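Please read the structure below before turning to the comments.
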Amino acid sequence: MTQHVPMSRTGLAATAFGVPPTELVTAVCAFRSRPVPGPGLAAQLVDRTFTALDQVPLDVRFYVHDLQDTAEKWPALPITLPPTPWQAATLVDDLAALVTGLSAAELHDAAEGMALTRGEVCLAYQEPVLARGWADDDDPLPDAATPPRSRRAREAELLRMFDHVAPHDWDPEQTGAVRKALLVRLAGLGDALLRVSALPPAPLDWQAGGGRLTARMPVPGAPHPLEARVAAEPVDPHPFTSWDDPVWGSTERAASRECWRWSVGWRSANGAFHTDVRSTEVSPAAARFGAEQTLAAYAAKAQTVRQLLRYRLLVPRQPDTLAMSDPAALVLGLRSLLEAVCAEYRTEANHLRSATGWRVVPHQDENKEHGLVAILLDDCSLPCPELGDPANTADPADGAFEDFLRSHAVILTPPARAYLAGLSQAGPGELPLRRRHEAAIRAVFAVSGETADLLAADTGPLPDHMAWIDLLDVAALEDFLVATEPDQTP
């Protein structure tokens with residue numbers, strides 16, 4: 001019987017990058033926007049790094065991340081909650097062992113082969129006391145009476161010495177800085193390897209145009225496909241013009257300062273693209289990877305995905321079939337609406353609305369300004385009709401309006417439905433919030449059935465000293481909401 005051997009981390013990464021294993025190092029370096037290491041010791045260190053990472057057990061590979069951040073703090077290790085597996089927490093120690101025993105001459109050769117930059121060396125620079133993890137045990141501690149120099153001055157001096165001092169004459173500070181910079185570079189390449197190998201490939205058909213790359217993924221039941229975008233963003237040059245130049249070797253291998261932004265979202269009824277999530281990366285390959293993985297994750301949970309700021313479902317529901325058992329269902333009760341109304345009362349009190357008042361429809365006008373109902377729904381983190389939606393001009397009492405909400409899995413309680421419908425009963429145009437609120441509360445009171453029971457179920461029990469009619473007054477309403485605020489004590 002043939003034993004199944006799990007694919008190595010390098011094999012997984014090569015598959016994800018779509019390259020043969022022999023081209024993996026080149027692909028990882030491009031992912032991190034770093035030069036490919038030259039032959040000799042530099043290439044050996046990268047190979048050994050990848051070999052060390054191949055030992056990471058599959059069940060903890062998702063916990064191993066930010067190796068570069070940990071390397072920047074080495075020899076101290078960050079404390080995480082919950083604690084990461086010991087294999088992940090000590091992995092940077094394994095990478096540090098690759099460079100700890102190197103002589104100054106070997107460090108020079110490795111740094112030149114990796115095209116280590118002047119900036120990387122300066123950022124890796126540490127005060128002598130903190131750098132003793134790299135120094136010999138008999139290195140003297142700095143004289144406490146010696147006046148401290150500024151960090152920038154010490155960094156500049158460090159680089160000047162590299163320009164004129166041979167490796168065998170480096171002092172412990174210089175040696176420690178190069179070692180640390182090498183460790184951080186190797187850890188950064190390791191981050192890329194683990195990141196790509198930990199997730200399955202999710203390639204998209206990218207199309208270039210308009211100064212960016214665009215890819216789309218149709219989703220069953222969604223009126224618009226998921227969409228990903230990748231575009232370069234301008235990056236200001238570093239104020240120190242030589243910061244990105246290699247410490248040794250040709251400036252032709254200087255590190256490029258790049259920033260690539262990716263975004264994922266989908267379009268609205270009027271065709272406008274709405275970004276749901278975005279981030280930046282140091283290379284187009286990394287940006288495409290981030291967008292591809294995000295799109296794949298969204299598609300896998302498409303039935304429950306809501307946009308971050310618009311709260312709309314990627315896959316709308318049929319209003320007449322929406323059930324409370326729907327995993328995306330949200331219930332809007334009267335209490336949430338009253339809390340939102342109080343928040344808007346404060347806005348009006350601050351004179352932000354004193355000159356205009358509050359309209360009900362359209363829910364969004366040509367200037368993208370929202371009406372009162374749309375504002376209250378947004379305050380409750382719920383979707384509201386917009387330009388291009390058939391429900392944008394629907395009165396809250398109309399079935400088309402509630403159908404819009406139900407299509408995005410929002411269920412209204414009877415008092416909430418009555419309150420929203422009552423907001424327009426105060427009259428057309430722009431009116432003070434007090435008048436619209438009073439009309440809405442009266443509409444709630446007019447709901448047939450056991451009104452008090454419905455209200456208590458929706459808002460909480462009425463205090464003994466209050467009557468429901470008191471909620472017409474905003475001051476009494478705020479007192480009621482405070483007095484009946486649910487206890488948050490665990």
| request: Among the lysines, select those whose C-alpha is under 22 Å from the C-alpha of Lys73, and discard any that sit fewer than 8 residues away in the same chain. | output: Lys180
| query | So what's the net charge close to Val165: Lys and Arg +1, Asp and Glu -1, counting the other residues with Cβ under 12 Å from its Cβ? | reply | -4
| field | Computed over the range 196-296, the ratio Rg/Rh where both radii use C-alpha atoms and Rh is Kirkwood | value | 1.10
| said: Using 0.36 nm times the number of residues separating Ala300 and Ala208, minus their current alpha carbon distance, what extension gain do you get? | reply: 30.5 nm
| remark: Quick calc, Val165 & Ser242: beta-carbon distance into FRET formula, R0 30 Å, rounding 0.05, result 0.95
| message | Need the full-extension length gain, Asp54 to Ala76, defined as separation in residues times 0.36 nm minus the C-alpha distance. One decimal, nm. | response | 5.6 nm
| List the aspartates and glutamates whose alpha-carbon lies under 12 Å from that of Lys368, not counting same-chain residues fewer than 8 positions away? | Glu386
| said: Suppose we take every Cα in the range 254-338 and form the convex hull; what volume per residue is that in Å³? | reply: 143 Å³
| remark: Computed over the range 234-323, protein heavy atoms only, probe 1.4 angstrom, the accessible area per residue in square angstrom equals 50 Å²
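The values are calculated or read from the model by the stated rules, or taken from the named source; none is laboratory data. All of these numbers come straight from a predicted model, not from anything done at the bench. In this analysis, Cβ positions are derived from the backbone assuming ideal geometry, glycine residues included, and neighbour counts consider all displayed protein chains. Calculation scope for accessible area: heavy atoms of the full protein, side chains included, ligands and nucleic acids excluded. Shrake-Rupley method; radii C 1.70, N 1.55, O 1.52, S 1.80 Å.
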